[in-house]
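Just below is one structure, and these are the notes that go with it.
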Amino acid sequence: MNLPGVKVLHDEAAIAARVGELGTRITRDYQGKELVVVGVLKGSFMFFADLVRAIDLPISIDFLGVASYGGNTKSSGVVQLTSDLSHPITGKHVLLVEDIVDTGLTMRYLLDNLATRHPASLAVCSLLEKPARMRVPIEIVYLGFSIPDEFVVGYGLDHAQKYRNLGFLGILEGAV
Ligand code: PRP
Ligand code: MN
Ligand code: MG
């Protein structure tokens, strides 16, 4: 799909190569461990689907739904859990999968929330991080790409709920 106003940042091949590398590292690191890979909806859905196929282990998968309160209060860090995990994670190794860590506030909230359930371990895998906007430090053990402060869409990421179905990552020109 080619769209006016969207400039390619990382194409399908570059994404696939990076996802493959992350999957290989995760496979190595979680050998012999009971791993639950948790996707944060909606943004992570496409990355999640590709990533789990690159992990060569008998994993479980689960999902979390989150929403920022109101349209404009995202920076408040107040996050609402709209859909919880379907199974307990106590004693299990948990890998949280996001499409992007932007300010870090969503991830901070999720890490704090999941930690109270006493998983055996809790780590973050994010396709993207935007260092220019990071407000709270988040350790991303498995990172796809560090990106500039531009509005990125595609491969799960939206602008007003659109563009999620693009197979590549693009910059929405004139959006920031
Ligand atoms: C986006 C993204 C992360 C979060 C990152 O989700 O998918 O979940 O924002 O932002 P932060 O680091 O500044 O907290 P969004 O709330 O847009 O929902 P979506 O995944 O449904 O698009
Ligand atoms: Mn999201
Ligand atoms: Mg979004």
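Here are the numbers for this structure:
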quantity: Subset tally (residues that are part of a strand (DSSP E or B) and open to solvent by less than 10 Å² (accessible area, probe 1.4 Å)) for the stretch 114-128; calculated: 5
quantity: Pro88 being touching a Lys or Arg at 6+ places or on another chain (Cβ under 9 Å) and surrounded by fewer than 18 Cβ atoms within 10 Å (Cβ to Cβ); calculated: yes
quantity: Residue within the stretch 10-24 that is within 16 Å of ligand 2 (Cβ to nearest atom), among the β-branched types (Val, Ile, Thr), buried (at least 17 other Cβ atoms within 10 Å of the Cβ) and on the phi < 0 side of the Ramachandran plot present; calculated: no
quantity: Wholly enclosed strands (runs of 3 or more DSSP E) of the stretch 1-90 bearing at least 2 residues within 16 Å of ligand 1 (Cβ to nearest atom) and touching a residue at least 40 places away in the same chain (Cβ under 8 Å); calculated: 35-41, 60-68
quantity: Residue in the stretch 44-55 that is open to solvent by 70 Å² or more (accessible area, probe 1.4 Å) and modelled with pLDDT of 95 or more present; calculated: yes
quantity: Count - residues of the stretch 91-107 that are within 16 Å of ligand 3 (Cβ to nearest atom) and either touching a residue at least 40 places away in the same chain (Cβ under 8 Å) or not in a strand (DSSP E or B) (or both); calculated: 10
quantity: Filter pass, Leu166 being buried (at least 19 other Cβ atoms within 10 Å of the Cβ) and more than 13 Å from ligand 1 (Cβ to nearest atom); calculated: yes
quantity: Matching entry among Leu110, Leu172 (being within 13 Å of ligand 3 (Cβ to nearest atom) and of a type outside the set (Gly, Ala, Ser)); calculated: Leu172
quantity: The stretch 144-168, residues that are touching an Asp or Glu at 6+ places or on another chain (Cβ under 8 Å) and within 16 Å of ligand 2 (Cβ to nearest atom); calculated: Ile147, Tyr155, Gly156, Leu157, Arg164
quantity: Subset of the stretch 113-161 that is more than 13 Å from ligand 1 (Cβ to nearest atom) and of a type in the set (D, E, K, R) - its residue that is farthest from the chain's Cα centre (by Cα); calculated: Arg117
quantity: Yes/no for Tyr163 being modelled with pLDDT of 95 or more and in contact with a helix residue (DSSP H, G or I) (Cβ under 9 Å, 6 or more places away or on another chain); calculated: no
quantity: Scope the stretch 152-163; condition open to solvent by 60 Å² or more (accessible area, probe 1.4 Å) and in contact with a strand residue (DSSP E or B) (Cβ under 9 Å, 6 or more places away or on another chain); matching residues; calculated: His159, Lys162, Tyr163
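The values are calculated or read from the model by the stated rules, or taken from the named source; none is laboratory data. All figures in this text were calculated on a predicted structure; none of them were measured in a lab. No Cβ is skipped: glycine too gets one built from the backbone with ideal geometry, and neighbour counts run over all protein chains shown. We work out accessible area using only protein heavy atoms, side chains counted, and drop any ligands, DNA or RNA first. Shrake-Rupley method; radii C 1.70, N 1.55, O 1.52, S 1.80 Å.
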